[in-house]
Amino acid sequence: MEELNGRMIACQILVTGLIARIANDSKDPLSFLTGFRDEILAVVRQVRIAGALDTDRVREIAERTVDELFSLMKPPSDGE
């Protein structure tokens, strides 16, 4: 289980870095991140979760994980 958790954390870090890289290349990084986060949360809220006993709990954890990933990204620098 620890190996799986480690791999999941590594994937989260990778995804966060990719999102941040794309945002930095956009004209309005903050708007991009906000829109992207909203799209991801919409997917999490609508995706069908099969095989779980408590789908509401799984969905809640997934939403918290998305919020946590986006909270790790620092705001764009002001160029100083």
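The values are calculated or read from the model by the stated rules, or taken from the named source; none is laboratory data. Since this is a predicted model, take the numbers as computed values, not measurements. Methodologically, a virtual Cβ is constructed for each residue, glycine included, from the backbone with ideal geometry; neighbour enumeration extends over all protein chains shown. Accessible surface is based on the protein model in full, side chains and every heavy atom, while ligands, DNA and RNA are left aside. Shrake-Rupley method; radii C 1.70, N 1.55, O 1.52, S 1.80 Å.
A compact table of results
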| read-out | value |
| --- | --- |
| Inter-probe distance in nm under a simple model that places probes 7 Å from Cα toward Cβ, at residue 49 and residue 26 | 2.6 |
| Net charge over other residues, Cβ less than 14 angstrom from the Cβ of residue 31 (K, R count +1; D, E count -1) | -2 |
| For region 1-75: accessible area per residue (Å², 1.4 Å) | 81 |
| Rounded to the nearest 10 Å², the accessible area of residue 3 at probe 1.4 Å | 120 |
| Gaussian network model of the chain, springs between alpha carbon atoms under 10 Å - residue of 48, 21, 59 with greatest fluctuation | 48 |
